[in-house]
Amino acid sequence: TGTGGIVGGPTSNMVIGGTSNFGTLTFSGTNQLLNLTLNRTSAGLVTLGGDLTILGTFTQTDGDLSLNGFTFQLSGGYSLTSGNITSAVNSSRLIVDGAGPLPLTGVGFGTGSTFNTITLDRASATFNTSSSVTVTNLNLLDGTFNNTGAVSIAGTITREAGTLSNTVVPSATS
């Protein structure tokens, strides 16, 4: 508990291990890491306290990452064993760009997750997801977004060279 933050940087590596909830991950200064490993057993949750960009590899061995209304940008590889990327706040943004391998098994979003924007901009890559998700704006700039659940769109789909490979459900408007 406190008001400080972790000092990272484009050459910094971070491993978050342990059990149960971690709390809020807040950075002082740069919001970049080279590599991040998340290994929180017993339904462990790490909550972002600001935007975060992973330049190298995000390794999600166990535990959930809550975007908490912030932007999580994956510019490198992503290795997934277990866990979800969740968002209970509609202002959260997930960006998958750059280069590097993505999980062959589907990335889970957690029950009831809703995102403001999901952007896929990774040439010749397939971003596999395994759960239904609600998103206001889906940006398919390059690569394939392959979701085995339903994607509920509350706003727009922007497509350049990207592909959507699943069911899209328009959200109800009032």
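For the range 107-125, the condition of being under 25 Å from Ala43 (Cα atoms), open to solvent by 60 Å² or more (accessible area, probe 1.4 Å) and not aromatic (Phe, Trp, Tyr) holds for at least one residue.
The conditions of being in a loop (DSSP other than H, G, I, E, B), under 19 Å from Arg93 (Cα atoms) and more than 14 Å from the chain's Cα centre (by Cα) are met by Thr30. Go through the range 51-75 residue by residue and tally those that are assigned to a strand (DSSP E or B) and closer than 21 Å to Thr117 by Cβ. Qualifying residue count, the range 51-75: 12. For the range 86-97, filtering for residues that are assigned to a loop (DSSP other than H, G, I, E, B) and free of Cβ contacts under 8 Å to residues at least 40 places away in the same chain leaves 5.
For the range 126-161, the set of residues classified as outside any strand (DSSP E or B) and open to solvent by 40 Å² or more (accessible area, probe 1.4 Å) consists of Ser130, Ser132, Thr148, listed by residue number. Residue-level check: of (1) surrounded by fewer than 19 Cβ atoms within 10 Å (Cβ to Cβ); (2) more than 20 Å from Thr136 (Cα to Cα), Val89 misses just (2). Reported count of residues in the range 162-174, each being hydroxyl-bearing (Ser, Thr, Tyr) and either part of a strand (DSSP E or B) or at pLDDT 90 or above (or both), is 2. Counting only residues that are of a type in the set (A, V, I, L, M, F, W, C) and over 13 Å from the mean Cα position of the chain (by Cα), the range 111-144 holds 5 of them.
Could you grab me the full set of residues in the range 5-50 that are surrounded by fewer than 13 Cβ atoms within 10 Å (Cβ to Cβ), modelled with pLDDT of 90 or more and touching a Gly at 6+ places or on another chain (Cβ under 6 Å)? Result: Ser20, single match.
The values are calculated or read from the model by the stated rules, or taken from the named source; none is laboratory data. From a predicted model like this one, the values you see are computed outputs, not experimental measurements. With ideal geometry, Cβ positions are generated from the backbone for all residues, glycine too; neighbour counts draw on all protein chains shown. Keep in mind that these areas ignore ligands, DNA and RNA; they rest on the heavy atoms of the full protein, side chains included. Shrake-Rupley method; radii C 1.70, N 1.55, O 1.52, S 1.80 Å.
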